[in-house]
Amino acid sequence: QVQLVESGGGLVRAGGSLRLSCEASGIMFSRYIMTWYRQAPGKQRELVARIDTDGNTNYADSMKGRFTISRDSAKNTVNLQMNSLKPEDTATYYCNAHWFGEPYWGQGTQVTVSS
């Protein structure tokens, strides 16, 4: 059974930091491209950051320089370090794992940034 379990969300003031983690089980983690998405109320889900199996990363433009994605294959975990948070970063953040076929999704973790 595949599970992606996100953690680390919470309430933070603007300018603060949070570190999200996603622990994967039931998959060969090293073969999967791992992606963080987010969805704010009333908005479409959007890509935040992606890391491939070689550790190459890409980010949405609004996250560049503030967010850092990393993966730890020993722990089957992908992390998202978020710095200089802004109120517009408020959203539910989802972990996604994709190799072949349909991707797997976590249940999401809420991030709220107060002004």
message: If you roll a 1.4 angstrom probe over the protein chains with everything in place, what fraction of the accessible area of the chain belongs to carbon and sulfur, to the nearest %?
response: 46 percent
- prompt: What residues qualify as long-range amide H neighbours of residue 48, i.e. H under 5 Å apart, gap of 5 or more or another chain, H built at 1.01 Å from N?
  reply: 36, 37, 38
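Working with all protein chains in place, sort 66, 13, 50 by solvent-accessible area computed with a 1.4 Å probe, largest first. Spell out each step's value before the answer.
Details: 66 25, 13 185, 50 75 Å².
Result of the area sort, largest leading: 13, 50, 66.
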- request: For residue 68, tell me the accessible area in Å² from a 1.4 Å probe, rounded to the nearest 10.
  value: 70 Å²
- prompt: For residue 89, what is the net charge nearby, where nearby means another residue's Cβ is under 10 Å from its Cβ and Lys, Arg count +1, Asp, Glu -1?
  reply: +2
Accessible area per residue in Å² at 1.4 Å probe, computed on segment 13-115: 54 Å²
- line: Sorted on mean Cβ neighbours within 10 Å (highest first), peptides 87-96, 40-49 come out as 87-96, 40-49
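In what sequence, largest accessible area first, do 82, 28 appear using a 1.4 Å probe?
Heavy-atom accessible area, descending, gives 28, 82.
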query: Tell me, how many Å apart are the Cα centres for segment 33-66 and for segment 83-115?
result: 8 Å
- prompt: With labels modelled as points extended 7 Å from the Cα through the Cβ direction, what inter-label distance (nm, one decimal) is found for residue 88 paired with residue 52?
  reply: 2.9 nm
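The values are calculated or read from the model by the stated rules, or taken from the named source; none is laboratory data. Because the structure is predicted, anything quoted here is derived from the model rather than measured. Every residue, glycine as well, gets a Cβ built from its backbone with ideal geometry; the counts of neighbours run over all protein chains shown. With ligands, DNA and RNA removed, areas are computed over all heavy atoms of the protein, side chains included. Shrake-Rupley method; radii C 1.70, N 1.55, O 1.52, S 1.80 Å.
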